[in-house]
Structure formats: C-alpha cells, structure tokens
1. List the trypsin sites (Lys or Arg not before Pro) within the stretch 63-151 that fall in a DSSP loop (any state other than H, G, I, E or B) and whose Cβ has at most 16 other Cβ atoms within 10 Å.
2. May I ask which of 282/372; 55/134; 55/203; 34/118; 178/289 have a Cα-Cα span longer than 30 Å here?
3. If you average the sequence gap of Cα pairs under 8 Å that are 6 or more apart and divide by the length of the chain, what percent do you get for the contact order?
4. So if R0 is 41 Å, what FRET efficiency would residue 368 and residue 95 give, r being the distance between their Cβ atoms, rounded to the nearest 0.05?
5. If one puts a single equal scatterer on every Cα of the stretch 1-87 and applies the Debye formula without solvent, what log₁₀ I(q)/I(0) results at q = 0.15 Å⁻¹?
6. Using only C-alpha atoms and all pairs of different ones, pull out the Kirkwood radius for the stretch 3-203 in Å with one decimal.
7. Counting only heavy atoms of the protein chains, get the accessible area per residue of the stretch 251-369 (1.4 Å probe) and round it to a whole Å² value.
8. Work out the length of the dipole vector of the chain about its Cα centre, built from +1 on the beta-carbon of each Lys and Arg and -1 on the beta-carbon of each Asp and Glu, and round it to the nearest 20 debye.
Amino acid sequence: MLFKEIIGQELVKQNLIQTVNAERISHAQLFHGKLGYGSFALALAYTQYIFCTNKTSQDSCGGCASCLKISQLSHPDVHFSFPVQLEAKKKTSDDFVSEWREMIQNSAYSSEQDWYHKTGNENKKGLIGVDESKRIAEKISLKSYEGGYKVSLFWLAENMNAAAANKLLKLIEEPPEKTLIFLCAESIESILPTILSRTQLIKVSPLNDAQISQGLTEILGADNQRATEIACYVNGDFSLATNELEMGEEKSFYFDSFVSWMRLCFKKDVAGAVKFVAEVQKMGKEKQKAFLLFVLSVFQKSLMGNFVGMQNVKATEEQKKFIQNFMPYIHERNIGHLHEIMSEAYYHIDRNANAKILFLDLSFDLFKLIKK
Ligand SMILES: [Zn+2]
C-alpha cells in the first residue's frame, strides 16, 4: 500500500512519513479509528514505507523487493494478527491467513463484518487469543530475516482477550531489538490501560464527504451522482460506502427503507412494522448499524431544515423532497428522545441484540414519537 493510494488523511500521513525520515519511529503505536477511515491502510502504508529500500521523501517506491512482499502481505518480517473464530485446531491468524490476505488485497478498508462474511460465520465475533500473542512473541524474538525491523501489526486489537493482552503488554514493555508493534483499533475502551499508556496514539478521523465521493469514483469507478449521494450518509466510513455501492447502483437502499419505515410509523401500521422488521433482520448486523446511523442523520437534517431552511441542508434532491414534508414532525420536543432510542439501539445491535425484537420496539416508540 502506498501513501498516495490512501484516501485523505494528509496530516496523519505527513506525521508518519516524518517519523521515518527523522528516524524517530516509536516502537509501539496505536492507530485509533475505523477501518473504513483508513486506520489499517495507514498502518500498512507506514510499514511499507519503513521497509522500502528505494523510498522518496514522500512515499514508498512500490517496486522494490520489500514493497512487493508487503503489498502481497507476505514479507517474512511483517506479522499480521487479526480476530479469528476459534476452532479446536485453528487458533491463530496463521490458520486463516490466506483468506484474510485475499480480503485485504482486495481492499485495505475491509471491515470486521467483511471478514466474518468471508469466513462464512457472520454472527460470531472473532477473537485474538493467547495462542496468537504467544505466536507473535516467538516470531519477534527471532532475528529478522532481512536484517532490518520486525513488525507485528494487529488488525482490530480491541478483540484481544485479557490473556492475550497481558502477553502483548510484556512485549511492549520489553520489546526485542528492532521490533515495532502497530495496533489498529476502532474502539479503545476495551484495550488495557497499561497498553494504552505505553503506545503512541495516532488518531484517524472520519473522511469528509468529498473524500468519500472521490474515493468511490476514482477507486471503484462509481458515477459522480451516486458517489455524492452515498457520501452524504456513511459518516466518513469508506468501507460502509463500498458496501452501499455494491448493494446496487440504482437505488438508495437505506433511504428507501427509511421512507417505508416512517410511512408505516405514521399510520401506526403494526402488520407493516412486523413485515419491515423481517426485512431489516435480513440485512445483518453491520448494515443494521449503518441504517440506524442513516436514520439519525435524516432526523438531524430534518431538524436543521426547520432551523436554517432546506436550502442549507446537504442531501440529494430526492431526500430534500422527502425531508421537506417530513421535517414538521421532527422538533426540539422529540429530537432528544429520538436520538436516545436510536443510539441505544445501535449500542445493543453492536452487542448482538436480537434485531427483530429491537426494531419492533423501535417502531412502537416511533409510532408515539413521530408527530407534530
Ligand atoms: Zn520500495
């Protein structure tokens, strides 16, 4: 991965490049931000830049032996760890590496859900277990194959269990010579405070709409209008944007779902709600989460429409038309409550709540809340 292949994040890139050129690379760094913002893509490009034997002051060359090996994710001194769904005989990333490599080579922005989809088990969260930390400890205690750095890169480090984290902490505290440990994490609440305090934090922020839209057109060949439309509601997450694009060029799936949901909530249509919920259940967890964020964004746009006028609200023409009629129903008397139930729903979906029950409850709440 070259830095120039990464969407946006210019400041982070410059800071990383600077550490290499000034020979001030911290041995433990934590890239905090969604995979869809580019947290892993940045760590990968950084690693490649460190190893490149023909780099410029701004990027890797892309053509030297090190660059080629890293772009194939098969450099002998770069080790990847990622959550796996543990089985009796498959306990570490090595047991799943060819599938994972294939996914990352397809897109360095791939999400956790993309991974579980690929392994065919979407409803079970993967784990980085203690066998993985042991494996890494063994690997990085060896001499490097090529005489330079050894890098251990964790994809979704928050999925590490306590035993694995304690073992990793020892490595961070007493790293073998010329060893770098890079962690990528979407959330840091579940990462050991002792690990946090010993790693340099690199904050990776959401992309802006223009960057998402540009990524969709330039990398994935989307047409301009569709790209702009998707960028409006994916909250700066390029992997969500990619999924949305793949879901179909013709329709805005979340928007259509939102409109039908609100219509049946107006009518207090219980049978309709049950049918709707069955459709939502088929979406799978990640799309349900994205859908909830989308719903929240339309609520916010409606409220803004009330305050500053629709001409100042960013949305597609189709959405504006809908919001114009919808916005009298969103106001300061219900927005707080709406925000609360949607955020709570997001929290519970993320922790594997039953989507059917949850969205049905939400529908009944909306029956009551959506009114002038
Ligand atoms: Zn190179």
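The values are calculated or read from the model by the stated rules, or taken from the named source; none is laboratory data. Only a predicted model underlies this, so the values are computations on that prediction, with no experimental measurement involved. Every residue, glycine among them, receives a Cβ derived from its backbone with ideal geometry; neighbour counts consider all protein chains shown. To get the accessible areas, we keep the full protein, side chains included, count just its heavy atoms, and leave off ligands, DNA and RNA. Shrake-Rupley method; radii C 1.70, N 1.55, O 1.52, S 1.80 Å.
1. Passing sites in the stretch 63-151 are 89, 90, 124, 125, 143.
2. Working: 282/372 32 Å; 55/134 33 Å; 55/203 25 Å; 34/118 19 Å; 178/289 41 Å.
Exceeds cut-off: 282/372; 55/134; 178/289.
3. On the way: 521 pairs, mean separation 63.6, N = 372.
Over the chain, the number comes to 17 percent.
4. Working: r = 50 Å, r/R0 = 1.22.
My answer for the efficiency is 0.25.
5. So the normalised log intensities are -0.55.
6. Working: mean 1/r = 0.0591 Å⁻¹.
Averaging 1/r across every pair of different Cα atoms and inverting gives 16.9 Å.
7. Working: 6000 Å² over 119 residues.
On a per-residue basis, the stretch 251-369 sits at 50 Å².
8. Working: 43 positive and 44 negative charges, 134 e Å.
It comes to approximately 640 debye.
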